[in-house]
Amino acid sequence: MTTGSNSGEVLGMDWSKQPGESEISSPISDFEDRPVVDSSPFIVVHGAGSFGHFQASKSGVHKGGLYQPLVKAGFVATRISVTKLNLEIVRALAREGIPSVGMSPFSCGWSTRERNIASADLSAVAKAIESGLVPVLHGDAVLDDLLDCTILSGDVIISNLAAHLKPEYVVFLTDVPGVYDRPPSEPNAVLLREIAVGKDGSWSIEKPTLQNKNKQVETSVAAHDTTGGMLTKISEAAAIAKLGIDVYIVEAATSHALRALSGELKGNLPDDWLGTVIRFSNK
């Protein structure tokens with residue numbers, strides 16, 4: 001996004017009272033003469049990580065059964081944790097001058113039926129974008145028509161948003177450089193640069209050419225992860241790519257991530273870019 005003035009100055013938007021401070025620090029007067037700056041519209045979706053998966057897995061929220069005291073308590077605990085994380089991410093973005101607003105799927109009326117999205121009101125998200133705000137959604141505990149409750153992953157949320165709002169591209173930020181042919185911690189793991197998705201939703205490895213062309217990607221899932229790990233990311237990314245929207249999977253906080261987020265990678269991938277692109281193919 002284009003933020004700040006030509007001088008590169010960033011005016012923070014988190015005017016909360018900070019620990020140890022007697023007064024709220026805010027540059028309110030600095031905003032009064034500030035020119036309106038055009039910026040690209042963005043939506044941010046984050047997962048729960050250590051803030052939600054632990055509570056959900058220990059109580060079985062993802063399996064349903066809200067009538068059970070442990071599951072109900074876990075549902076409440078999970079939502080407290082993920083909304084706390086959402087607030088911290090919104091505040092971090094706001095401190096960098098990003099006009100971000102937190103939007104919880106549960107509070108916005110999202111629900112599922114056997115873990116598939118049954119209802120998703122996107123009107124608030126669309127209105128926020130039109131108003132020049134950056135919606136920040138997150139993986140959440142939601143109600144389910146048949147299971148009573150479950151966990152709605154950020155990956156599934158992104159896929160649903162992409163299908164209805166048709167973004168130019170989608171970027172998945174992870175803690176590894178991209179998708180590998182096996183868990184990257186294993187010896188001889190190969191980074192997959194391009195995955196092609198066909199009309200039927202099936203996908204195949206385009207680059208690099210592997211010795212075993214029929215080889216499928218092997219993935220692992222952390223014990224506390226209730227939403228499927230990398231396999232869910234690839235599946236949802238393939239669903240997005242089937243819509244004709246390029247998806248980039250890249251390591252966060254790197255120059256490669258910045259290039260993906262800025263839209264620099266449209267068309268042919270630069271040889272010096274590290275990451276995975278998942279694209280629709282007519283072949």
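The values are calculated or read from the model by the stated rules, or taken from the named source; none is laboratory data. Every value quoted in this text rests on a predicted model; they were computed, and no experiment measured them. Glycine also receives a Cβ, built like all others from the backbone with ideal geometry; neighbour counts cover every protein chain displayed. We work out accessible area using only protein heavy atoms, side chains counted, and drop any ligands, DNA or RNA first. Shrake-Rupley method; radii C 1.70, N 1.55, O 1.52, S 1.80 Å.
If the Cβ limit is 6 Å and pairs must be 6+ apart or interchain, which residue in the stretch 70-94 that is closer than 11 Å to Phe51 by Cβ and touching a residue at least 24 places away in the same chain (Cβ under 8 Å) pairs with which residue that is in a helix (DSSP H, G or I) and not aliphatic (A, V, I, L, M)?
Qualifying pairs under 6 Å: Thr78/Gln55; Ser81/Phe51; Ser81/Gln55; Val82/Phe51; Leu85/Phe51.
If I ask for residues that are surrounded by fewer than 13 Cβ atoms within 10 Å (Cβ to Cβ) and modelled with pLDDT of 70 or more, which ones from the stretch 1-14 would you list?
The first filter runs over the stretch 1-14 and keeps only residues surrounded by fewer than 13 Cβ atoms within 10 Å (Cβ to Cβ), leaving 2, 6-9.
Selection gives Glu9 alone.
Would you pick out the residues in the stretch 253-264 that are loosely packed, with under 14 Cβ neighbours inside 10 Å and assigned to a loop (DSSP other than H, G, I, E, B)? Working first, answer last.
Restricting attention to the stretch 253-264, the residues satisfying the condition of being loosely packed, with under 14 Cβ neighbours inside 10 Å are 253, 255, 258, 262-264.
Passing the criteria: Ala253, Ser262, Gly263, Glu264.
Against the condition at pLDDT 95 or above and in a helix (DSSP H, G or I), how does Ala126 come out, does it pass?
yes
Of all residues in the stretch 265-283 being under 22 Å from Leu161 (Cβ atoms) and part of a loop (DSSP other than H, G, I, E, B), which is modelled with the lowest pLDDT? Steps first, answer last, please.
Initially, the stretch 265-283 is screened for residues under 22 Å from Leu161 (Cβ atoms), giving 265-266, 275-280.
Retained after the next criterion (residues that are part of a loop (DSSP other than H, G, I, E, B)): 265-266, 275.
On the way: Leu265: 94, Lys266: 87, Gly275: 97.
The qualifying residue modelled with the lowest pLDDT is Lys266.
Quick check, is Glu114 surrounded by fewer than 19 Cβ atoms within 10 Å (Cβ to Cβ) and at positive phi? It would help to see each step written out before you state the result.
On the way: surrounded by fewer than 19 Cβ atoms within 10 Å (Cβ to Cβ): yes; at positive phi: yes.
Judged against the criteria, Glu114 is a match.
Considering each of Asp148, Asp155 in turn, give the residue that is touching a residue at least 60 places away in the same chain (Cβ under 8 Å) and open to solvent by 40 Å² or more (accessible area, probe 1.4 Å).
Values: Asp155 fails: open to solvent by 40 Å² or more (accessible area, probe 1.4 Å).
The conditions single out Asp148.
Do we find that Val142 is within 16 Å of the chain's Cα centre (by Cα) and more than 16 Å from Glu236 (Cα to Cα) in this structure?
Details: within 16 Å of the chain's Cα centre (by Cα): no; more than 16 Å from Glu236 (Cα to Cα): yes.
So Val142 does not fit the description; no.
Being among the hydrophobic types (A, V, I, L, M, F, W, C) and buried (at least 19 other Cβ atoms within 10 Å of the Cβ) is the filter here; which residues of the stretch 89-105 pass it?
Looking only at the stretch 89-105, we keep the residues that are among the hydrophobic types (A, V, I, L, M, F, W, C), and these are 89-90, 92-94, 98, 101, 103.
Selection gives Val90, Leu93, Ala94, Ile98, Met103.
Which condition number in (1) at pLDDT 90 or above; (2) buried (at least 20 other Cβ atoms within 10 Å of the Cβ); (3) part of a helix (DSSP H, G or I) is the one that Val247 fails?
For Val247, the failing item is (3).
Looking only at the stretch 74-86, how many residues end up being surrounded by fewer than 16 Cβ atoms within 10 Å (Cβ to Cβ) and either closer than 19 Å to Ser111 by Cα or in contact with a strand residue (DSSP E or B) (Cβ under 6 Å, 6 or more places away or on another chain) (or both)?
Pass one, the stretch 74-86, residues surrounded by fewer than 16 Cβ atoms within 10 Å (Cβ to Cβ): 76, 80, 84.
Going one step further and asking which of them are either closer than 19 Å to Ser111 by Cα or in contact with a strand residue (DSSP E or B) (Cβ under 6 Å, 6 or more places away or on another chain) (or both), we end up with 76, 80.
Final tally of qualifying residues: 2.
Here is a check on your reading of the model: is Ser100 closer than 22 Å to Ser123 by Cβ and touching a residue at least 40 places away in the same chain (Cβ under 8 Å)? Steps first, answer last, please.
On the way: closer than 22 Å to Ser123 by Cβ: yes; touching a residue at least 40 places away in the same chain (Cβ under 8 Å): yes.
Yes; evaluated as a whole, the condition is true for this residue.
Would you check if there is a residue in the stretch 146-158 being closer than 30 Å to Pro35 by Cα, in contact with a Gly (Cβ under 8 Å, 6 or more places away or on another chain), of a type outside the set (A, V, I, L, M, F, W, C) and in a loop (DSSP other than H, G, I, E, B)? Please lay out each step first, then the result.
Restricting attention to the stretch 146-158, the residues satisfying the condition of being closer than 30 Å to Pro35 by Cα are none.
Within the stretch 146-158, not a single residue is closer than 30 Å to Pro35 by Cα, in contact with a Gly (Cβ under 8 Å, 6 or more places away or on another chain), of a type outside the set (A, V, I, L, M, F, W, C) and in a loop (DSSP other than H, G, I, E, B).
Quickly run through the stretch 117-145 and pick out the residues that are surrounded by 17 or more Cβ atoms within 10 Å (Cβ to Cβ) and in contact with a Lys or Arg (Cβ under 6 Å, 6 or more places away or on another chain).
Ala141
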